[in-house]
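As structure tokens, the structure follows; a few thoughts come after it.
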Amino acid sequence: MFNHIKMDLTAHGGNWGAQGFWALVVYRFGCWRYTVRFAPLRKVFSLMYKFLFKLIQIITGIELPCEVPIGSGFVIEHSGGIVVSGYASFGANCRIRNGVVIGLSRVEEPCAPHFGNNVDIGAGAKVLGDIHIGDNVLIGANAVVITDVPANCIAVGVPAVIKPRKQRPPAG
């Protein structure tokens, strides 16, 4: 747990005051509590987690359940209005911003998006349903993504239009 927290702090630029970092500390605690074998102690930790989860949700506006698998380098850029479904999953080096909703497209279908590595999600974006977002994808601010996005693409607009990313010319 502490190694993950150290990596999360590094990913947030060493900023202990980053509310996204606070949410990740509670997330890591929630994941860790499942490793406690002694059931009465695990129940105490589970109660603590539920309290901390709700406290972070109220203070920061970030809802990140510990059931969500996230890769290393996960960054919550800004707080407020962030809701992540417990059915979602994230690869390494993903970044989300305020107002992002990642969740179900229909309540009766409990499945949410799966993100590859190096995905950057803009403020206010909504990514919904059983879809796959490839590696190196940019999701624009306020985009509504309801279909798969292949690797090395951008998704912008409502509903999102998918376009290939332009390669930057080498510096020099």
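The values are calculated or read from the model by the stated rules, or taken from the named source; none is laboratory data. Quick caveat: nothing in here was measured; it's all calculated off a predicted structure. Neighbour counts are summed over all protein chains in view; Cβ atoms, including those assigned to glycine, are modelled from backbone coordinates with ideal geometry.
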Next item on the list: Would you be able to say whether some residue in segment 91-110 is closer than 20 Å to Ala143 by Cα, modelled with pLDDT under 95, touching a Pro at 6+ places or on another chain (Cβ under 9 Å) and assigned to a loop (DSSP other than H, G, I, E, B)?
Entry: yes
Next item on the list: Give the residue that is farthest from His114 (Cα to Cα), with candidates limited to residues of segment 78-87 that are within 10 Å of the chain's Cα centre (by Cα) and crowded, with 18+ Cβ neighbours inside 10 Å.
Entry: Ile82
Item checked: Residue list for segment 1-55, restricted to those being surrounded by fewer than 17 Cβ atoms within 10 Å (Cβ to Cβ) and not in a helix (DSSP H, G or I) -> Met1, Gly13, Gly14, Asn15, Trp16, Gly17, Tyr34, Thr35, Val36, Arg37, Phe38
Notebook entry, point to check: When you go through Ile154, Ile162 one by one, which is the residue that is part of a strand (DSSP E or B) and either in contact with a Leu (Cβ under 8 Å, 6 or more places away or on another chain) or under 24 Å from Ile59 (Cα atoms) (or both)?
Noted result: Ile154
Margin query: Test of understanding: among Gly73, Gly30, which residue is closer than 16 Å to Arg97 by Cβ and not acidic (Asp, Glu)?
Written below: Gly73
Notebook entry, point to check: Can you pull out the residues in segment 104-125 that are among the small types (Gly, Ala, Ser) and surrounded by fewer than 19 Cβ atoms within 10 Å (Cβ to Cβ)?
Noted result: Ser105, Ala123, Gly124
Check: Can you tell me which residues in segment 77-90 are modelled with pLDDT of 95 or more and either aliphatic (A, V, I, L, M) or touching a helix residue (DSSP H, G or I) at 6+ places or on another chain (Cβ under 7 Å) (or both)?
Finding: Ile82, Val83, Val84, Ala88
